[in-house]
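> Below: one structure in structure tokens.
The values are calculated or read from the model by the stated rules, or taken from the named source; none is laboratory data. Everything quoted here is computed from the prediction, not taken from an experiment. Here the Cβ positions follow ideal geometry from the backbone for every residue, glycine too, while neighbour counts run over all protein chains shown. The accessibility values were calculated without ligands, DNA or RNA, using every heavy atom of the protein model including side chains. Shrake-Rupley method; radii C 1.70, N 1.55, O 1.52, S 1.80 Å.
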Amino acid sequence: AQSVAQPEDQVNVAEGNPLTVKCTYSVSGNPYLFWYVQYPNRGLQFLLKYITGDNLVKGSYGFEAEFNKSQTSFHLKKPSALVSDSALYFCAVSQRGYQKVTFGTGTKLQVIP
Amino acid sequence: ETGVTQTPRHLVMGMTNKKSLKCEQHLGHNAMYWYKQSAKKPLELMFVYNFKEQTENNSVPSRFSPECPNSSHLFLHLHTLQPEDSALYLCASSQDSLAGEVYEQYFGPGTRLTVT
């Protein structure tokens, strides 16, 4: 079985400040981890993924995520938030040999000017 | 644009109607997916196709009937739906996962379905 948790429904951050969106996961094997973003009236867009290797993964639009195996976490980060980053962010997990990707419930990021 | 298109973008249908949702991908992928997105709920995987063959059916009611005539097109046929089926239906595509690897998915904009 696999699962993912996004403990915060909403995160508010001031423009220019660093942001973190939290994600923890549970899988029986080695995880494949993803972050997606959804803007209003749009589908999800892929941001970045972790399969193996360096624990810090860099993705689109200046986002990065840190894989922490001992804490089973994959938090999304950005050094300086933009108002245009305001959107719904989804963490997702799968594992080798699985057809299914399990998505979290999403975290709404609000960047305040 | 993500290379995945969906039509129609909005659909209102009565419980006795029959309608179809269409998805097309221009990315050369061999796997396609249908998801249901409801407010305050995780994204629900409905169906997965690899190379036109259905490889996953996530216990979806039979009033939803998928069809994948080729690797670029995916349909979701709807009949005798219930009001609780109102949601955003998302199509996605990716490289196929038959060799065990898991690839990122590319999503269409979705069809906002309202069942009255």
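> Give me the residue from region B:25-44 that is within 11 Å of chain A (Cβ to nearest Cβ) and open to solvent by 50 Å² or more (accessible area, probe 1.4 Å) and, out of that set, modelled with the lowest pLDDT.
B:Lys40
> Could you check, for region A:22-30, whether at least one of its residues is within 13 Å of chain B (Cβ to nearest Cβ), open to solvent by less than 50 Å² (accessible area, probe 1.4 Å) and over 22 Å from B:Pro42 (Cβ atoms)?
No: region A:22-30 contains no residue that is within 13 Å of chain B (Cβ to nearest Cβ), open to solvent by less than 50 Å² (accessible area, probe 1.4 Å) and over 22 Å from B:Pro42 (Cβ atoms).
> What number of residues within region B:95-116 satisfy the criterion of being among the polar types (S, T, N, Q) and within 9 Å of chain A (Cβ to nearest Cβ)?
The number of residues fulfilling the criteria is 2.
> Of all residues in region A:88-98, which are out of contact with any Pro (no Cβ under 8 Å at 6 or more places or on another chain) and either away from chain B (no Cβ under 12 Å) or open to solvent by less than 40 Å² (accessible area, probe 1.4 Å) (or both)?
A:Tyr89, A:Phe90, A:Cys91, A:Ala92
> Hey, another quick one. Against the condition touching a helix residue (DSSP H, G or I) at 6+ places or on another chain (Cβ under 8 Å), surrounded by 20 or more Cβ atoms within 10 Å (Cβ to Cβ) and at the interface with another protein chain (Cβ under 10 Å from one of its Cβ atoms), how does A:Leu109 come out, does it pass?
For A:Leu109, the condition - touching a helix residue (DSSP H, G or I) at 6+ places or on another chain (Cβ under 8 Å), surrounded by 20 or more Cβ atoms within 10 Å (Cβ to Cβ) and at the interface with another protein chain (Cβ under 10 Å from one of its Cβ atoms) - is not met.
> Please pick out the residue among A:Ala65, A:Ala81 that is open to solvent by less than 30 Å² (accessible area, probe 1.4 Å), in a loop (DSSP other than H, G, I, E, B) and either away from chain B (no Cβ under 14 Å) or farther than 30 Å from B:Arg9 by Cα (or both).
It is A:Ala81.
> Same structure, new question: Please list, ordered by first then second residue, the pairs with beta carbon atoms under 9 Å, 6 or more apart or interchain, first in region B:60-84 and without any contact (Cβ under 8 Å) to a residue 24 or more places away in the chain and open to solvent by 50 Å² or more (accessible area, probe 1.4 Å), second in a helix (DSSP H, G or I) and not basic (Lys, Arg).
B:Pro61/B:Asp85; B:Arg63/B:Asp85
> Condition test on A:Phe46, is it at the interface with chain B (Cβ under 8 Å from one of its Cβ atoms), part of a strand (DSSP E or B), within 28 Å of B:Thr55 (Cβ to Cβ) and touching a residue at least 60 places away in the same chain (Cβ under 8 Å)?
Criteria not met by A:Phe46.
> If we keep just the residues of region A:31-62 that are open to solvent by 40 Å² or more (accessible area, probe 1.4 Å) and at pLDDT 95 or above, which is nearest to B:Tyr33 (Cα to Cα)?
By that ranking, first place goes to A:Phe46.
> Ok, one more. Looking at B:Phe51, B:Phe47, which is the one that is within 14 Å of chain A (Cβ to nearest Cβ) and open to solvent by 60 Å² or more (accessible area, probe 1.4 Å)?
B:Phe51
> Give the residue that is least open to solvent (accessible area, probe 1.4 Å), with candidates limited to residues of region B:12-24 that are more than 14 Å from every other protein chain (Cβ to nearest Cβ) and under 14 Å from the mean Cα position of the chain (by Cα).
Among those that are more than 14 Å from every other protein chain (Cβ to nearest Cβ) and under 14 Å from the mean Cα position of the chain (by Cα), it is B:Ser20.
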